[in-house]
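Below: one structure, written as structure tokens.
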Amino acid sequence: MNIDSQGNITQLLPNDHRNINVFKGGRVYMIPDAGDRFTIKVRAPYGEEQVVVYASDIRLGRADSQSVGQGLWQYKGSRSRLAVQTRALFVEDQPVGSHAGADFYEATWKLKTTDN
């Protein structure tokens, strides 16, 4: 997710041009990466932004997002509400003998955007 200087939350992955939403630990991924059909450009309003990554070894809850065009989706709620929806509980079949626990990770990077 990208949280811009105005607090707008845009889902970077998955998007309509790259539907990969499963990533392996210990690897470096680029956004965009080779084979992607999109690029990311910075535009106004400039200021402090955040990139937030939610990751788990099980499927995450689904955030209620709306298409904003160009293959991207925007979340219309607050960051705290997004965290709740991302961590939302749901019931899923599990193979007999597998463990019931799951790891969850959240990381945030802050950056400042400018027009030069």
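So which residues in the stretch 51-78 are modelled with pLDDT of 75 or more and hydrophobic (A, V, I, L, M, F, W, C), if there are any at all?
Once the filter is applied, which keeps residues that are modelled with pLDDT of 75 or more and hydrophobic (A, V, I, L, M, F, W, C), the stretch 51-78 yields VAL51, VAL52, VAL53, ALA55, ALA63, VAL68, LEU72, TRP73.
Could you list, ordered by first residue, the pairs with Cβ atoms under 6 Å in which the first is in the stretch 9-22 and assigned to a loop (DSSP other than H, G, I, E, B) and the second is modelled with pLDDT under 80 and exposed (fewer than 15 other Cβ atoms within 10 Å of the Cβ), at least 6 apart or interchain?
So the pair list comes out as PRO14/ASN21.
Taking the stretch 44-70, which residues are in a loop (DSSP other than H, G, I, E, B), more than 18 Å from ARG81 (Cβ to Cβ) and in contact (Cβ under 8 Å) with a residue 40 or more places away in the chain?
ALA44, PRO45, TYR46, ASP57, ILE58
When the stretch 38-62 is examined, which residues are found to be more than 17 Å from THR10 (Cβ to Cβ) and of a type in the set (D, E, K, R)?
Answer for the stretch 38-62, where residues must be more than 17 Å from THR10 (Cβ to Cβ) and of a type in the set (D, E, K, R): ASP57, ARG59.
If I filter the stretch 16-26 for residues that are surrounded by 15 or more Cβ atoms within 10 Å (Cβ to Cβ) and basic (Lys, Arg), do I get at least one hit?
yes
Being modelled with pLDDT of 85 or more and open to solvent by 80 Å² or more (accessible area, probe 1.4 Å) narrows it down to one residue among ARG81, ARG43; which is it?
Residue meeting the stated conditions: ARG43.
The values are calculated or read from the model by the stated rules, or taken from the named source; none is laboratory data. No experiment lies behind these values; they were computed from the predicted model shown. Backbone-built Cβ (ideal geometry, glycine too); neighbour counts: all protein chains shown. Surface areas here come from the heavy atoms of the whole protein model, side chains and all, with no ligands, DNA or RNA. Shrake-Rupley method; radii C 1.70, N 1.55, O 1.52, S 1.80 Å.
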